[in-house]
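Since the structure comes first, as structure tokens, the remarks are kept for the end.
The values are calculated or read from the model by the stated rules, or taken from the named source; none is laboratory data. Values in this document were obtained by computation on a predicted structure and should not be read as measured data. Here Cβ is always computed from backbone atoms with ideal geometry, including for glycine, and neighbour counts include all displayed protein chains. Just the protein is used for accessible areas: all its heavy atoms, side chains included, with ligands, DNA and RNA removed. Shrake-Rupley method; radii C 1.70, N 1.55, O 1.52, S 1.80 Å.
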Amino acid sequence: MDEHEVAARGAAAMWAGDRASQTLGITVSDVSPGRATARMTVAPTMVNGHAIAHGGYVFLLADTAFAFACNTYGMVTVARSADVTFLAPAAQGDELVAEAVERHRAGRNGLYDVTVRRADGTVVAEFRGHSRELSTPLGS
């Protein structure tokens, strides 16, 4: 099995149990080794008291892209830590796209950057996640 097949199987295994992303209407695409893209439309239930997307939902979208990107090598991989910087607001109805890219991977540790953009290209947030690979094959 080549690396792209391993990544696709990892994404399928992740998606099968990802009730949070499914419930929120998040879709995941463009999964390849160390990379993934996630999309979500800001629903009326996702805005805060300032009528902008609640930061927790923006973080969740970025975290989803991160999770799918770091689980492309066939082993269960989890977040060790993550942080986000919010750069621009998103509004109800905006489609947000989160693109995760692996920056470094050594042993069981990984470093991933995720950029969240509105459809007009405006960067909404930058997310950095540190991953830790467990000793469990995906899908076990």
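Summary of values
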read-out: Hits in region 101-140 (condition: assigned to a strand (DSSP E or B) and at pLDDT below 95); value: SER135, THR136, PRO137
read-out: Residue check, ALA88 part of a loop (DSSP other than H, G, I, E, B), over 22 Å from GLY10 (Cβ atoms), in contact (Cβ under 8 Å) with a residue 24 or more places away in the chain and in contact with a Ser or Thr (Cβ under 7 Å, 6 or more places away or on another chain); value: yes
read-out: Filtered residue count, region 1-33, keeping only those that are closer than 8 Å to THR72 by Cα, open to solvent by less than 50 Å² (accessible area, probe 1.4 Å) and part of a helix (DSSP H, G or I); value: 4
read-out: Region 59-99 - residue that is of a type in the set (S, T, N, Q) and within 15 Å of ARG117 (Cα to Cα) and, of those, least open to solvent (accessible area, probe 1.4 Å); value: THR64
read-out: Some residue of region 5-17 being free of Cβ contacts under 8 Å to residues at least 24 places away in the same chain and acidic (Asp, Glu); value: yes
read-out: Test: residue in region 81-96 that is more than 24 Å from ALA51 (Cα to Cα) and at pLDDT 95 or above; value: yes
